[in-house]
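Shown next, in structure tokens, is the structure this report addresses.
The values are calculated or read from the model by the stated rules, or taken from the named source; none is laboratory data. Model, not experiment: these values are computed from the prediction. Cβ atoms come from the backbone with ideal geometry, glycine included; neighbour counts cover every protein chain shown. These accessible areas exclude ligands, DNA and RNA; they are computed on the full protein's heavy atoms, side chains included. Shrake-Rupley method; radii C 1.70, N 1.55, O 1.52, S 1.80 Å.
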Amino acid sequence: MGSLTQLEEQEATESEGWAPEAILYVNGVRHALPDGLAHLSLLQYLRDMGLTGTKLGCGEGGCGACTVMVSDYDCSTKKSLHYAVNACLAPLYSVEGMHIITVEGLGNCQSGLHPVQESLAQTHGSQCGFCTPGFVMSMYALLRSNKLPPSEAQIEECLSGNLCRCTGYRAIIDSFRVFAKTDNSMYMNSSSSSISCGEFICPSSGKPCSCGESKFHNSESSNGDVISGQHRQVSFSEVDGSFYSSKELIFPPELLLRKVLPLKLHGFGGISWFRPLTLRHVLDVKSLYPDSKLVVGNTEVAIEVNFKSAHYPVLISVTHVRELNALSIKENGLEIGSSVRLSKLQEVLERVIAEREIHETSSCKAIYNQLKWFAGKQVKNVASVGGNICTASPISDLNPLWMASRAEFQIVDVDGNIRTVIAKKFFLGYRKVDLAKGEILLSIFLPWSRRFEYVKEFKQAHRREDDIALVNAGMRVYLEEQGVNLRVSDISIVYGGVAPVSLIATRTESFLSGKPWDVNLLLDSLKFLKDDVPLADNAPGGMVEFRKSLTLSFFFKFFLWVTQQMSEKGFLKGGLDVTDMSAIQPYSRPYCSGSQIYEVKSHGTAVGLPVVHLSAKLQVCGSAEYTDDTPTPPNTLHAALVLSKKAHARIVSIDDILARSSPGFAGLFLAKDIPGSNKIGPVVQDEEVFASEIVKCVGQVIGIVVANTHENAKSASKKVQIEYEELAPVLSIRDAVKLASFFPNSEKCLVKGDVDWCFKDGQCDRVIEGEVQVGGQEHFYLEPHGSLVWTVDGGNEVHMICSTQAPQKHQASVARVLGLPFSKVVCKTKRIGGGFGGKETRSALIAAAACVPSYLLKRPVKLVLDRDVDMMISGQRHSFLGKYKVGFKNSGKIVALDLELYNNAGISLDLSAAILERAMFHSDNVYDIPNVRVKGQVCYTNFPSNTAFRGFGGPQGMLIAENWIQHIAMELQRSPEEIKEINFHTEGHILHYGQELRNCTLQQVWNELKTSCDFPKARETVNKFNLQNRWRKRGIAMIPTKFGISFTTKFMNQAGALVQVYTDGTVLVTHGGVEMGQGLHTKVAQIAASSFNIPITSVFISETSTDKVPNSSPTAASASSDMYGAAVLDACEQIKARMKPISDRNQHTSFAQLAIACHLERIDLSAHGFYITPDIGFTWASGKGTPFSYHTYGAAFAEVEIDTLTGDFHTVTANIVMDLGYSLNPAIDIGQIEGAFVQGLGWVALEELKWGDADHKWIRPGSLYTCGPGTYKIPSLNDIPLNFHVSLLKGVPNPKAIHSSKAVGEPPFFLASAVLFAIKDAIIAARAEEGYYDWFPLDNPATPERIRMACLDEFTKQFVSSDFHPKLSI
């Protein structure tokens, strides 16, 4: 069949009548799609046409930054359907005949914001703003799709596929909660009677629209205003009560009236795209192209094409095939078409569960529950049942349930013959199913459950929401009465994540069949299960012991659940012990709540007020520009990097023949092509821009390819062939220590008192020793690294726009690489989509690489990294190894600390020495230790260079300190909180680096926190809970912090600013700091506004540019508001001093009048302000000094609950108290605290980096496995504390910073370790159940693996000993 000629193909398809043109509407505007675009995603198309509000965050549908709303017309129901999708995964032609609404289609700053946008802006829900349009569109799609106002649960579910790295989510949730309303009139300035009878009111706006019951019956609308402009316009109120006019886009009438026809289109690379409308047509095309791929949502195919180099020449879209989209409720079960979307299946299952007998829907409930955690809403809206089945992923959440639930699959061949296969026999091997080339999956039949038949789903992942499973399972048992007992008539046990294919526990099933359902059956079956799941030690995915233990835990839960079900029916008298009920307690997350408590200490017109972020309104409507959004100059080339695939090797040869013949290729540039120096670095120039002879890590840049498009550049870069001669790599801190692989002159030491004397002379009642491994962390800023570089004046100058925290470092690096003076290189940054330290130094390497082809070819070059490349090459938070020896009295008073610190720098020094130094400075946290010795060394390893990350080494040092504090507490059998209070710093204390503590508010912060959380009562409540629950435990912890504010390198503590007053009374400010979501520009504007006594709206902050303010320090160290705010104030005061004689001479009614008067008097209204941080200085020669201007103090309380059988956890409560002096902007500061805490929560409990090292041999040596949102899990909305409370300490002005404020960016981050130690507290309670009371290590992140394997019980003991320590890449 596959050998038919072109003529036969034409004859086979002509009768279908291919559509003469492909049509798409975008924001109400008609677009005719030309042939030849089948290779494009919807996101690429939208961005190419200038709709850059839709962002590229990850390219795999994992972050939600690319969310748009799709509107389609359902001919069967005669209704418009509205749903959110990931534009990065959607093929362009898949949305043909539909209406796409992007964030630009809602509202804008000129004509007014949509209420969804306005609410998010006004409630401080947008910080860096890169993720904001995606959140707006997810919420908007929910409101448009609902006939009634959504519930809070629906709101949280609709946002589950969107990630934010800045806000901590609380403000976002609060901003959207206003739409979970019961009265539409709250959002209307007119009564409901003013709306025509019969018109549907859109929940998103309270306006008439097409998403409800209204139908078009013919070519004329019932309302004349529909066709005219395709909008209905009504006036409605903002959430703050003011009025404005807005428009709601409706479904285009042309698409309602247009007949849907089959599509046959093509794309680059020989791709053919078919969209048949009937099953017969699908089979005909399949017969012509037996190897063709059927697609619905493209959620799997896009990943394979984009990240696994898969190529599918023929794609058949079956979204419009009625037979494959049918979903029928029959007498004996559900028949589900293979193209049915998962969201549709979820809706039908919910209805079936509500309507049918309880015993019939056990399998339906299991599938429904599993779907809830399957993926984000955007994926479920398009992904199909059949696609998930036929992908045959070994970690599919649904396949084990189909297999366990007696499901049957109907398969049809190209001749129309149908055969049935039971689900258990459909999966043949790794991603291999029982489908011949000429066959497709037609439908799935799910039979109703029988009386006494129970089906249950199980899943454990790193993160509960939108995460792939580590292990999952589907289990079913059919019981029958045997006298007074019950026996197993039939049973199915199927696991995912433990084999190349969903694994049936066949021996266990055979053993259980016919056995009585009792405790003996449980114990015996566990023995069989252990042998039924063979996992090799080096099995892909690792965590072998954990995954094995989960197979037993899941069955144990299943047994208890079924026992309880039967007990409720009057069988199995006695049922479960009340303490065992916790094993089967379903997870039900209540809606999160929170509070923010602060006082407003205003100064002038703006300082101290909770002003909204200056860019918030631009960000919520998608107008805010980031590097990749900048319109490119004509003739721009796109770049892709050629990267090393070896951890350590000599380059033998580079072959670029294939690359040069690649489409659009414009050049390959290597080390030999660099005009200036090939080495750069922020402190020491020890890193090559392009590797010349030896590659030192996987991901090291060898060269750069430029081409006419981004895709062509990537394609060409992959064709560069490199031959290597491999060398031995160093792949961990322990290896580095063993081999003495340290950077030269990196050893540091701080000493206070005499540690050796204390340990030898009996000064200590007890001495403990231990090690702490501290895991790294990926920055995961939503905006990847990017640079646009171009030459000016015939190549005499070089300009660039970059996503960086340090434009001056870009200027310096590019000048060095090109051999130009700094004065001829300009770097500009408008804003960046998150940085967190990751764009302080590593971004310079991106600009340095891009500048070479731009300079040599004299053409603009744009280099924007894909997410996986960004994560692989740009470095992360340093992992640390700490070795401690602590002496203390029986009273708990610490006498001596001897500490060794090692950090993993990677292949270049970067900022690793300074990061180690800060870790050493913070290694005491807040504790008074008379005798201290801290040694540190920077390890050289064959990994990409690690770099700055929020906290800059401080959190690592403090985390090690809190570990030995808890070790002391367990040794003395006292609470850690008691030990902390005994050893707190006090005013005037001399720290181990010689600085005297001034204005120490630690005790005030601690006491306020202890009172607010009622710690004694919380402890009592947790203890009571733990007594009553065997398999779920709760824990609590209180953690203090002290964070030093200043760059520890003295010369960097300087800042410049340029302030210009115009004759209309407006003020333009340019300073050296970069806005990355932290609100720096907003605070600076407040300072300028208050200084001139003008409204903040009269102040504009211009882009950061090296030709305006020179020699600026990076925006880092939490000190930017202090320094740049003071520099701006200095400039303002200079101008005010010049204006004063004019002001004193005459009365002026406005600042504008005064400015004009000064101008007429030839007064200079421009000033350069400058600030240096006073009274600081530290030398390592003496090990003494004052490295910090002041300290920011804080404390946090956390309560968590863990599932001891699976390692799952959630944070019940988090209370935070911070001393921020007199806050410049309490709303922004609260947002920084919440965002830092949730980011810190990721570090301590969720985010694990996995590298190819000795402990992870299933990963290629030196390679990063966790290089995207699919494998690396930052916190999602459902991971934030259920009760989230933040309070700012009142009445504590800071005399050391501008307007008595304090820095906020980094200090709160470490407070999230309260969650880690609360988890450990809960584990201690679990271990006590088994008689284990000794100290044990718990590395961060405390992933489900680490939690589960630390909770020793009868299940884990079958695989590990009591001292088992899960592997961690450090």
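Of the trypsin sites (Lys or Arg not before Pro) found in the stretch 1122-1220, those that fall in a DSSP loop while having at most 11 other beta-carbon atoms within 10 Å are ARG1162. Which residues does the label zone of ARG356 cover in the stretch 442-456, counting backbone N under 18 Å from a point 7 Å along Cα→Cβ? Output list for this probe position: 443-456. Here the stretch 440-581 has an Rg and Dmax of 16.1, 50 Å, counting Cα atoms alone. For the listed peptides 273-282, 1285-1294, 162-171, a ranking on the average number of other beta carbons within 10 Å per residue, highest first, reads 162-171, 273-282, 1285-1294. A 1.4 Å probe over all protein chains sorts VAL421, VAL684 by accessible area into VAL684, VAL421, starting with the largest.
For the stretch 873-1024, the relative contact order works out to 23 percent when only alpha carbon pairs closer than 8 Å and six or more residues apart are counted.
To the nearest 10, the accessible area of HIS311 is 110 Å² with a 1.4 Å probe. Seen through its C-alpha gyration tensor, with square-root eigenvalues sorted a ≥ b ≥ c, the stretch 939-1034 comes out oblate because a/c lies at 1.5 or above while a/b is not bigger than b/c.
Per residue, the stretch 493-555 exposes 37 Å² of solvent-accessible protein surface, assessed with a 1.4 angstrom probe and all protein chains in place. Residues whose amide H comes within less than 5 Å of that of ASN108, counting only those at least five positions distant or on another chain, are LEU113, HIS114 (H built at 1.01 Å from N in the peptide plane). Accessible area per residue for the stretch 1017-1128, computed on protein heavy atoms with a 1.4 Å probe, is 30 Å². Derived scalar couplings between HN and Hα for the stretch 967-973 equal 4, 4, 4, 5, 5, 8, 6 Hz in order, rounded to whole Hz, by the Karplus curve 6.51 cos²θ - 1.76 cosθ + 1.60 (θ = phi - 60°), x for Gly and Pro.
Taking amide H positions as modeled 1.01 Å from N, with prolines and chain starts lacking one, the residues under 5 Å from TYR1190 and 5 or more places away or on another chain are ILE1045. Any chance you could look up the accessible area of ASP291 with a 1.4 Å probe, heavy atoms only, rounded to 10 Å²? Approximately 110 Å² of ASP291 is accessible to the 1.4 Å probe. What a 1.4 Å probe finds exposed on the chain is 51% carbon and sulfur by accessible area, rounded to a whole percent. For the charge dipole of the stretch 412-491, defined by +1 on Lys and Arg C-beta atoms and -1 on Asp and Glu C-beta atoms about the Cα centroid, which residue among SER489, THR420, GLY438 has the Cα displaced farthest towards the positive pole? Positive-end residue among those listed: SER489. The mean sequence separation of alpha-carbon pairs under 8 Å and at least six residues apart, normalised by the residue count of the chain, gives a relative contact order of 11 percent.
Once all Cα-Cα distances of the chain are split into 10 Å bins that start at 0, what whole-number percent is in each one? Per 10 Å bin, starting at 0, the Cα pair percentages come out as 2, 8, 16, 21, 22, 17, 10, 4, 1, 0, 0. Overall form of the stretch 536-602: oblate. Here a/c, set by the Cα gyration tensor axes a ≥ b ≥ c, is 1.5 or more, and a/b is not larger than b/c. Rounded, prolate or oblate for the stretch 48-134? Axes are the square roots of the Cα gyration tensor eigenvalues, ordered a ≥ b ≥ c, and the cut-off for rounded is a/c under 1.5. Oblate, since a/c reaches 1.5 and b/c is not below a/b. Note on HIS31 and TYR312: with the Förster distance fixed at 22 Å, the Cβ-Cβ geometry gives a FRET efficiency of about 0.30. The label point for GLN482 and the one for GLN1003, both projected 7 Å from the Cα toward the Cβ, are 7.1 nm apart.
Which residue, chosen from LEU901, GLY994, LEU46, occupies the Cα position most advanced towards the positive end of the dipole of the chain, where the dipole is computed from +1 (Lys, Arg) and -1 (Asp, Glu) charges on Cβ about the Cα centre? Checking the options against the dipole of the chain, the answer is GLY994.
For the chain, adding -39500 (n - 2.57) for each run of n ≥ 4 DSSP H residues and dividing by the number of residues yields -8500 deg cm²/dmol at 222 nm.
The THR579 and LYS78 beta-carbon pair, evaluated with R₀ = 60 Å, returns a calculated FRET efficiency of approximately 0.60. Solvent-accessible surface of the stretch 750-893, taken per residue with a 1.4 Å probe and all protein chains present: 27 Å². In order along the stretch 126-132, the phi-based Karplus estimate (6.51 cos²θ - 1.76 cosθ + 1.60, θ = phi - 60°) of 3J(HN,Hα) comes to 10, 10, 6, x, 5, 7, 4 Hz; Gly and Pro are listed as x. Farthest towards the positive end of the charge dipole of the chain, among the residues THR1173, TYR855, LEU249, is the Cα of THR1173, using unit charges on the Cβ of Lys, Arg, Asp and Glu.
Karplus-derived 3J(HN,Hα) values for the stretch 765-776, using 6.51 cos²θ - 1.76 cosθ + 1.60 with θ = phi - 60°, are 6, 9, 9, 10, 9, x, 10, 10, 9, 10, x, x Hz; glycine and proline are entered as x. This model, with +1 at the C-beta of Lys and Arg and -1 at the C-beta of Asp and Glu, gives the stretch 426-580 a dipole about its Cα centre of some 140 debye. Charge dipole of the chain (Cα centre as origin; +1 on each Lys and Arg Cβ, -1 on each Asp and Glu Cβ, all else neutral): 540 debye, rounded to the nearest 20. The largest accessible area among LEU1027, LEU997 belongs to the first residue in LEU1027, LEU997, and the rest follow in falling order (1.4 Å probe, all chains).
The dipole here belongs to the stretch 582-673: it is taken about the Cα centre, uses +1 on the Cβ of Lys and Arg and -1 on the Cβ of Asp and Glu, and is about 340 debye.
Taking all protein chains together, PHE1310, PHE952, PHE268 sort by accessible area into PHE268, PHE952, PHE1310, largest first [probe 1.4 Å].
Its relative contact order, with pairs defined as Cα atoms under 8 Å and 6+ residues apart, puts the stretch 1228-1370 at 33 percent.
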